[in-house]
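Have a look at the structure below before the remarks.
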Amino acid sequence: MNTPPINIVLGVIGFDCHSVGNKILEAFFTEQGFKVTNLGVMVSQEEFLQAAIETGAKAILVSSLYGHGEIDCVGLREKCREQGLDDILLYVGGNLVVGKTPFEQVEAKFKAMGYDRVFGPDCDLATVARLLREDLAARQRAD
Amino acid sequence: MDRPALPPTDRAAERAAERPSVARPDDHAPTLAIGLDIGSTFTKGALFRLGPGDPCLLRRAATPTTTAHLPDGAGTVIRHLLDLPPAWTWEDLPRTSLPSSVGAGDGQTSDEVRPLPPIHFTSSAKGGLRVAVVGLVPELSVQIGRLVAWSAGARLTGTYSYRLTDSALAEIEQTRPDIVLWCGGTDGGHERSGRENAQRLARSSYDGTLIYAGNALLADEVRQTLAHKRLVVTANVMPEFGRFNGEPAREAIRTIFLQTIVQGKGLDRLAALTGTEPVPTPRAMFDLVGAIADHCPDWREFIAIDLGGATTDVYSCAPAFRGGEGLRLRGLVEPERKRSVEGDLGLRISASALAAVLAGDDVPVTTVGLPPVTPTALAAWVERVGAHPETLPASPEEEAADAWLAAGCIRHALRRHAGRLEPVWLPEGQVWVQTGKDLRPVPRLVLTGGYPAAHPRLPLFELAEPAARRAPELLVPQAPRCFVDHLYLWPLLGPLVARFPAAAARLAVASLTAVPAVASCPDVPHTATTDKESHPCEILSDSL
């Protein structure tokens, strides 16, 4: 029997309405062989969690483009732990903060919030997919 | 055997039935049919003329339900509807032909031997169909499970999310629902809770039927773990995130109802003699509502509220989300055809629970042309009708209390059935986030049940949701035209939908009466307006 595809959950967090990149991500990760549950735009933390639980997702990919990423994303890791999603991978990417903060600082800030990987607006999607597979494999070995 | 006396019959209806009708070109094959509803208190029935042309009601009858053996009461009703001799019993069904006095004017000669019309029946006797829902996330699979169970005609005994706790299991063992509908996880999705719940259910003493309608990847494991239980495995109610797939589980519930629940109450023998299968009463109502939306062009979108002594049921036919600028849907897209059941909203058995709900309302206790209801009078009324459900109001004050409770049932049942809007301010302006169904533009609302039938001119919707006070965030209908099933025919047309969907639907709509429009002021005497809706079903309006 074929191994079932890995479930991932995708969406644009908070009250962010940017939908173009979200559709590109859905198409890209589906093509890469993932089973994508795309929640679309304006997704609350609770919706990410509920979808991840029902679909048994191994990773949540959070997008934020409107500059309020910091306030929207804080606390998601804690909520995951509270809901029993201890091992889930959290990725975040986009225009995460307003202004010209160096990316290293942004990355450090979001990693401190519990995100496993942090990406800027111009990241290479093939790299993201490769890192996702590596991280998922590492999680599986750890189990 | 003692047979209960029938209530006085309606001679006018019988005269109407015997009146020769003018044959029309499309009237060549009129069909008679009987709809029966075996309720917990009364067994009701009606003989209809369906088929091509204008469907109509010919006769109706009711008798107290014979709870020890349900077919006896059903037989009494059938005997009356078909003008059969007093010694006739339901066991004579296979040997009986239609008397010449019934359904005359059908273009047949009276010496012809005519078979009995088809008899379709529903049952809600002995508490109806009791289902518990076990799922994963309350807002997702549990909610879908609830909607599926409701649309199958069930009354919920409990809903449980995530892992079944010891106390949840004890509650299921104690309440003993007929069916546990168990879902959770998309196909290929969550497994852990499903696996744990399988083991816990396997160890429990619950001996009803389990329907597994969760993650399909677990199905084989579930079959093994629960091999010693009565288990039915069906397709997942949510195979992919947010996608509804209710029909297989609904069908499983219907089959279990037929195979296990109707047995032992005599309904199986009645089914064998009539050659038709019983349906849970609310499922028949759900099917009727769907048939109306399918077959009556002006009724694609409407709401029906069934106001009862124990529960208030709401049925809606309307798209959940209509889009629009600055509007975003959050959570599940609810199905276009939805039923919800509120077990704490009812005029008699649930009156005290209802009063507790109403105590938190900000709508003033005003009534339409009736004296104001004081809290003391309301409390006294609630206590009386809770203890003695057969009580009828004997004074204007009690009439007012009853009207107030009825309006409260409608208000809260509709608000819970409908969705909500929440305003959100963004840098680019305000947007609205919608959850649940947007019923604001729904143009028609039907009230059915004993209370509305007895008070067809009372503007109950206006009393429930006064236009002047309607909160914008509640997605309840804004200005529906209200109708009443004043002959209380819908529960008797429901069973006929399986065979005559178009005719039953057309007759259901034709038999309604419009509630007179009121000005937005709630203090309009309910006898003052005389809006007369034209009534397409002539026999109904002049003979009953």
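Structure notes:
- Restricting B:Glu334, B:Glu277, B:Glu301, B:Glu342 to those that are more than 14 Å from every other protein chain (Cβ to nearest Cβ) and in contact with a Pro (Cβ under 7 Å, 6 or more places away or on another chain) reduces the list to B:Glu301.
- Where a residue in segment B:287-305 is in the same structural domain as B:Ala503 (by TED's automatic domain parsing) and of a type in the set (Lys, Arg) and its partner, wherever it lies, is buried (at least 17 other Cβ atoms within 10 Å of the Cβ) and assigned to a helix (DSSP H, G or I), with Cβ under 6 Å and at least six apart: B:Arg300/B:Ala293
- In segment A:47-59, residue surrounded by the most Cβ atoms within 10 Å (Cβ to Cβ) [restricted to those that are within 8 Å of another protein chain (Cβ to nearest Cβ) and touching a Lys or Arg at 6+ places or on another chain (Cβ under 8 Å)]: A:Thr55
- Single condition A:Glu54 does not satisfy, out of (1) out of contact with any His (no Cβ under 9 Å at 6 or more places or on another chain); (2) without any contact (Cβ under 8 Å) to a residue 24 or more places away in the chain; (3) within 30 Å of B:Ser161 (Cβ to Cβ); (4) among the charged types (D, E, K, R): (1)
- Filter pass, A:Glu107 being touching a Phe, Trp or Tyr at 6+ places or on another chain (Cβ under 7 Å), more than 21 Å from A:Ile24 (Cβ to Cβ) and without any contact (Cβ under 8 Å) to a residue 60 or more places away in the chain: no
- Complete set of residues in segment A:106-131 that are closer than 25 Å to A:Lys35 by Cβ and either in contact with a helix residue (DSSP H, G or I) (Cβ under 8 Å, 6 or more places away or on another chain) or part of a loop (DSSP other than H, G, I, E, B) (or both): A:Gly114, A:Tyr115, A:Asp116, A:Arg117, A:Val118, A:Phe119, A:Cys123, A:Asp124, A:Leu125, A:Ala129
- Here B:Ala359, B:Ala400 are screened, and the one residue that is touching a Ser or Thr at 6+ places or on another chain (Cβ under 7 Å) and more than 24 Å from B:Phe42 (Cα to Cα) is B:Ala400.
- Selection from segment B:190-202 of residues that are within 14 Å of chain A (Cβ to nearest Cβ), charged (D, E, K, R) and assigned to a helix (DSSP H, G or I): B:Arg192, B:Arg195, B:Glu196
- The combined condition, being farther than 30 Å from B:Trp425 by Cα, of a type in the set (A, V, I, L, M, F, W, C), surrounded by fewer than 21 Cβ atoms within 10 Å (Cβ to Cβ) and modelled with pLDDT under 90, is not fulfilled by B:Ala394.
- A residue that is over 23 Å from the mean Cα position of the chain (by Cα), without any contact (Cβ under 8 Å) to a residue 60 or more places away in the chain and either farther than 19 Å from B:Val442 by Cα or buried (at least 18 other Cβ atoms within 10 Å of the Cβ) (or both) occurs somewhere in segment B:324-337.
- Evaluating B:Asp187 against the criteria (1) of a type in the set (D, E, K, R); (2) part of a helix (DSSP H, G or I); (3) over 30 Å from the mean Cα position of the chain (by Cα); (4) within 14 Å of chain A (Cβ to nearest Cβ) leaves one unmet condition, (2).
- Failed condition for B:Gly158, given (1) in contact with a strand residue (DSSP E or B) (Cβ under 8 Å, 6 or more places away or on another chain); (2) of a type in the set (Gly, Ala, Ser); (3) within 28 Å of B:Val314 (Cα to Cα); (4) crowded, with 18+ Cβ neighbours inside 10 Å: (4)
- Taking segment B:102-118 as the range and being at pLDDT 80 or above and surrounded by 12 or more Cβ atoms within 10 Å (Cβ to Cβ) as the test, the residues that pass are B:Val102, B:Arg114, B:Leu116, B:Pro117, B:Pro118.
- Counting only residues that are within 14 Å of chain A (Cβ to nearest Cβ) and either in contact with a Leu (Cβ under 6 Å, 6 or more places away or on another chain) or free of Cβ contacts under 8 Å to residues at least 24 places away in the same chain (or both), segment B:166-184 holds 1 of them.
- In segment B:405-428, the qualifying residues are those that are assigned to a loop (DSSP other than H, G, I, E, B) and either in contact with a Cys (Cβ under 9 Å, 6 or more places away or on another chain) or within 14 Å of another protein chain (Cβ to nearest Cβ) (or both), and the one that is surrounded by the most Cβ atoms within 10 Å (Cβ to Cβ) is B:Glu428.
- Within segment B:392-412, being among the aliphatic types (A, V, I, L, M) and either within 14 Å of B:Pro372 (Cβ to Cβ) or touching a helix residue (DSSP H, G or I) at 6+ places or on another chain (Cβ under 9 Å) (or both) holds for B:Leu392, B:Ala400, B:Ala401, B:Ala403, B:Leu405, B:Ala406, B:Ala407, B:Ile410.
- Scanning segment B:203-261 for residues that are closer than 23 Å to A:Ala52 by Cα and either in a strand (DSSP E or B) or among the basic types (Lys, Arg) (or both), we see that the one that is nearest to the other protein chains (Cβ to nearest Cβ) is B:Arg243.
- Which listed residue, of A:Val20, A:Val62, A:Val36, A:Val43, is surrounded by fewer than 20 Cβ atoms within 10 Å (Cβ to Cβ) and either at pLDDT below 95 or more than 9 Å from chain B (Cβ to nearest Cβ) (or both): A:Val20
- Check on B:Val341, within 23 Å of B:Phe286 (Cα to Cα), β-branched (Val, Ile, Thr) and in contact with a strand residue (DSSP E or B) (Cβ under 6 Å, 6 or more places away or on another chain): yes
- Verdict on B:Gly153 being in contact (Cβ under 8 Å) with a residue 12 or more places away in the chain, closer than 18 Å to B:Glu251 by Cβ, within 14 Å of chain A (Cβ to nearest Cβ) and not aromatic (Phe, Trp, Tyr): no
The values are calculated or read from the model by the stated rules, or taken from the named source; none is laboratory data. Treat the numbers as computed from the prediction; the structure is a model and nothing was measured. When we count neighbours, we look across all protein chains shown, and the Cβ atoms used for this are built from the backbone with ideal geometry, even at glycine.
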